[in-house]
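The values are calculated or read from the model by the stated rules, or taken from the named source; none is laboratory data. Note that this is a predicted model, so its numbers are computed, not measured. In this analysis, Cβ positions are derived from the backbone assuming ideal geometry, glycine residues included, and neighbour counts consider all displayed protein chains. The accessibility values were calculated without ligands, DNA or RNA, using every heavy atom of the protein model including side chains. Shrake-Rupley method; radii C 1.70, N 1.55, O 1.52, S 1.80 Å.
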Amino acid sequence: MTVYDEQAAHPEATGEFLHDLLLDPRRHTSHDPAVVEPTGSGAVTVTTYAELRDTVDAYARRLMSLALEPGARVLLEAEAGAQSVAVLLACSRAGLTFVPVSPETPQERLRGLIDAARPALHLQAGAGTRTELPAGLGTARFDNGTLTVEQAPHPARPRRHTPSVTDPAYIVFTSGTTGRPKGVVMSHRSVTAFYRGMLAHRIAAPGDRVASTSPLHFDFSLLNIGLALASGAAVVPVPQRLVRWPRHFLRALADTAATHVNGVPSIWRQVLRHEPARLAALDTLRSVLFCGEEFPLPELRRLRELRPGLRIVNCYGATESMACSFEDVPDPIPADLERLSIGRAHAGAELLLVDEEGHVVDGPGIPGEMYLRSPALFTGYWDDPEATRAALVPDPLCPESGQTVLRTGDLAVRGARGEYYFLGRSDSQVQINGNRVELGEVERRLLQYPGATAATAVPLPLPGGGSRLAAFVVLSPDATPVRDAGGAARQPDDISGALREFCARALPAYMVPVEIRLLDALPTTPNGKVDRAALTAAH
Ligand SMILES: Nc1ncnc2c1ncn2[C@@H]1O[C@H](COS(=O)(=O)NC(=O)C[C@H](N)c2ccccc2)[C@@H](O)[C@H]1O
């Protein structure tokens with residue numbers, strides 16, 4: 001009797017690696033565009049799937065020639081583009097773990113990441129400007145399928161020989177609340193499980209062009225690359241220098257005929273404020289997906305008003321599982337809608353609510369902390385077992401099983417149909433004069449003020465201890481100037497007073513910000529989220 005040869009019969013029997021899924025020939029047509037890059041001056045650079053595969057092969061062969069052991073880290077310092085997408089897929093093919101970092105990373109922070117991740121190799125584009133890398137670290141540059149080694153990496157005595165889908169595909173370092181950056185380790189198995197859960201929502205299809213507006217070191221860009229390539233569509237990486245300027249951003253979307261634009265809510269703020277007409281004229285745009293933080297409802301309504309029929313997907317989740325849920329924003333957005341739903345976990349995963357005593361909450365209307373059961377959970381925080389234990393906790397439904405679930409740190413409540421509503425981070429509940437304040441509730445009230453388009457509330461320390469509440473509000477430029485009884489236009493500090501009165505009519509006194517500043521824009525973090533720390537510090 002011949003022995004069943006698993007490997008011959010099912011070559012993917014070793015499991016599915018990141019590159020297997022994203023370059024699966026059954027999912028795309030070879031001469032279709034895989035990556036479409038805007039140059040900013042009207043021209044675009046198209047890389048077909050066949051060209052992408054060839055480039056991946058070339059980089060993978062070169063990486064394998066370096067004889068690094070499976071699981072060795074490669075620091076990939078690059079903007080998202082056809083070449084960096086090919087490099088990260090080549091790392092997957094070569095059994096290496098890529099660690100995406102931004103070219104804008106300050107030197108000291110980069111040194112910290114290098115000390116933490118102990119990479120075998122630092123890779124940057126041919127035109128990369130990084131210098132002063134530590135001695136002993138292998139360095140190379142990539143360009144057009146060619147990898148040029150400058151400093152050869154130490155040949156390691158391999159301790160592992162067989163790449164496994166449980167190996168880390170990538171490590172994304174996020175700003176840790178404790179100040180020490182946390183390395184989120186994602187295995188091939190988890191990433192591909194997540195992508196499969198996401199694909200069930202049919203967000204993109206062959207022929208689509210998915211614009212990605214996040215930097216490569218933010219896993220939103222990895223979501224977009226996977227969404228586009230596993231759907232047989234093209235990914236349109238928009239460089240940060242174009243995203244930041246509304247006119248250039250819209251020009252890039254028009255030049256590349258983008259059908260989908262994925263990004264954090266803040267990418268739309270200046271577009272809605274300064275270039276509404278050009279946005280309305282962007283007739284290839286059919287779908288927007290956002291994540292990372294709540295999208296202020298006045299801006300979301302404005303976006304839909306300018307692009308009637310636009311599909312808008314609210315994607316919720318944390319880097320520790322790449323994401324978690326995909327929920328279409330209703331069309332039209334009901335006038336009395338208070339908050340968007342984040343839906344329920346993607347196919348194959350499940351959200352649980354746990355109360356402060358650690359009991360699983362059953363039934364709608366009872367707030368709790370979201371715990372995520374999912375095949376897409378991260379392996380752990382790099383070199384930080386304590387933080388890992390705090391995030392990957394025993395399954396509250398069956399602690400005996402040894403299964404762990406992700407404790408998200410996010411509060412939510414379930415609706416009548418089993419859909420979830422995000423209530424804020426559990427650490428964004430602050431005490432003001434001894435009273436618990438959910439910052440999101442103050443922000444939602446401020447956004448109901450006529451003309452308010454964005455609002456952030458932050459606790460500020462009081463000299464004698466404790467906190468006071470401050471808020472920062474962006475008003476639309478055409479907001480009807482608030483007039484006093486005599487009809488005279490009110491001055492900014494009057495508007496702040498009017499905003500405080502407006503809050504006092506609906507919120508208990510301790511939830512009314514003692515100071516309200518009007519801003520033209522809100523500061524953002526490198527990932528594009530509102531930078532609360534900057535607002536607190538600037539006060
Ligand atoms: N749609 C939301 N509404 C409201 N609050 C949210 C939302 N998406 C996250 N968040 C918040 O952001 C936190 C996660 O922050 S994070 O770890 O930096 N990751 C991200 O922000 C992006 C995340 N990896 C991701 C990547 C790609 C698609 C979706 C999500 C969540 O715990 C939530 O507090």
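A few comments on the model shown:
- Subset of the stretch 52-67 [among the small types (Gly, Ala, Ser), assigned to a loop (DSSP other than H, G, I, E, B) and in contact (Cβ under 8 Å) with a residue 40 or more places away in the chain]: Ala67
- Ala277 satisfies every condition listed in (1) surrounded by 14 or more Cβ atoms within 10 Å (Cβ to Cβ); (2) closer than 24 Å to Pro477 by Cβ; (3) of a type outside the set (Ser, Thr, Tyr) except (1).
- Among the residues making up the stretch 146-184, those that are more than 25 Å from Gly380 (Cα to Cα) and either within 16 Å of the ligand (Cβ to nearest atom) or part of a loop (DSSP other than H, G, I, E, B) (or both) are Ala152, Pro153, His154, Pro155, Arg157.
- Ala234 vs. criteria of a type in the set (A, V, I, L, M, F, W, C), touching a strand residue (DSSP E or B) at 6+ places or on another chain (Cβ under 9 Å) and open to solvent by 20 Å² or more (accessible area, probe 1.4 Å): no
- Scope the stretch 323-337; condition open to solvent by less than 30 Å² (accessible area, probe 1.4 Å), within 15 Å of the ligand (Cβ to nearest atom) and among the hydrophobic types (A, V, I, L, M, F, W, C); matching residues: Ala323, Cys324, Phe326, Val329
- Unique residue being farther than 23 Å from Leu123 by Cβ, more than 16 Å from the ligand (Cβ to nearest atom) and touching a Gly at 6+ places or on another chain (Cβ under 9 Å) when the list is Arg196, Arg189: Arg189
- Flag for Pro298 being more than 16 Å from Leu447 (Cβ to Cβ) and over 19 Å from the mean Cα position of the chain (by Cα): no
- Qualifying residue in the stretch 310-320 (condition: farther than 30 Å from Val405 by Cα and in the same structural domain as Gly263 (by TED's automatic domain parsing)): yes
- Comparison of Gln491, Gln431 shows that the only residue that is touching a Gly at 6+ places or on another chain (Cβ under 8 Å) and on the phi < 0 side of the Ramachandran plot is Gln431.
- Pairs, first in the same structural domain as Glu369 (by TED's automatic domain parsing) in the stretch 397-408, second part of a helix (DSSP H, G or I) and open to solvent by less than 60 Å² (accessible area, probe 1.4 Å), C-beta under 6 Å, six or more apart: Leu406/Glu320; Leu406/Ser321; Arg407/Ala391
- Asp427 outside any loop (DSSP other than H, G, I, E, B), acidic (Asp, Glu) and under 26 Å from Asn314 (Cα atoms): yes
- Scanning the stretch 430-460 for residues that are under 22 Å from Glu299 (Cα atoms), open to solvent by less than 50 Å² (accessible area, probe 1.4 Å) and not in a helix (DSSP H, G or I) yields a total of 11.
- Checked against the criterion of being over 23 Å from His19 (Cα atoms) and either modelled with pLDDT of 95 or more or surrounded by 14 or more Cβ atoms within 10 Å (Cβ to Cβ) (or both), the candidates Leu113, Leu147 yield just one match: Leu113.
- Residues in the stretch 504-532 that are under 18 Å from Glu294 (Cβ atoms) and assigned to a helix (DSSP H, G or I): Met511, Arg532.
- Flag for Asp362 being open to solvent by 60 Å² or more (accessible area, probe 1.4 Å) and either away from the ligand (no atom under 15 Å from the Cβ) or in contact with a strand residue (DSSP E or B) (Cβ under 6 Å, 6 or more places away or on another chain) (or both): yes
- Ser287 vs. criteria open to solvent by less than 30 Å² (accessible area, probe 1.4 Å), within 11 Å of the ligand (Cβ to nearest atom) and among the small types (Gly, Ala, Ser): no
- Selection from the stretch 250-268 of residues that are within 16 Å of the ligand (Cβ to nearest atom) and part of a helix (DSSP H, G or I): Pro265, Ser266, Ile267, Trp268
- Scan of the stretch 340-380 for residues that are among the charged types (D, E, K, R) and in contact with a Leu (Cβ under 8 Å, 6 or more places away or on another chain), ordered by number: Arg344, Glu350, Glu369, Arg373
- Long-range neighbours under 7 Å by Cβ, at least six apart or interchain, first residue open to solvent by 10 Å² or more (accessible area, probe 1.4 Å) within the stretch 79-93, second among the charged types (D, E, K, R): Gln83/Asp143
A quick yes/no check of all residues on (1) in a strand (DSSP E or B); (2) more than 16 Å from Thr319 (Cβ to Cβ); (3) open to solvent by less than 20 Å² (accessible area, probe 1.4 Å):
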residue: Val191; (1), (2), (3): no, no, yes
residue: Gly197; (1), (2), (3): no, no, yes
residue: Val210; (1), (2), (3): yes, yes, yes
residue: Leu222; (1), (2), (3): no, no, yes
residue: Ala228; (1), (2), (3): no, yes, yes
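- His201 being part of a loop (DSSP other than H, G, I, E, B) and under 17 Å from Gly81 (Cα atoms): no
- Scanning the stretch 395-413 for residues that are touching a Ser or Thr at 6+ places or on another chain (Cβ under 7 Å) and either surrounded by fewer than 16 Cβ atoms within 10 Å (Cβ to Cβ) or closer than 25 Å to Phe17 by Cα (or both) turns up just one, Leu406.
- For beta carbons closer than 9 Å, sequence separation of 6+ or different chains, a first residue in the stretch 305-333 that is under 16 Å from Glu293 (Cα atoms) and a second that is open to solvent by 50 Å² or more (accessible area, probe 1.4 Å) and within 7 Å of the ligand (Cβ to nearest atom), the qualifying pairs are Asn314/Glu294.
- Tally, over the stretch 307-322, of residues that are of a type in the set (A, V, I, L, M, F, W, C), buried (at least 19 other Cβ atoms within 10 Å of the Cβ) and either under 13 Å from Phe422 (Cβ atoms) or away from the ligand (no atom under 12 Å from the Cβ) (or both): 2
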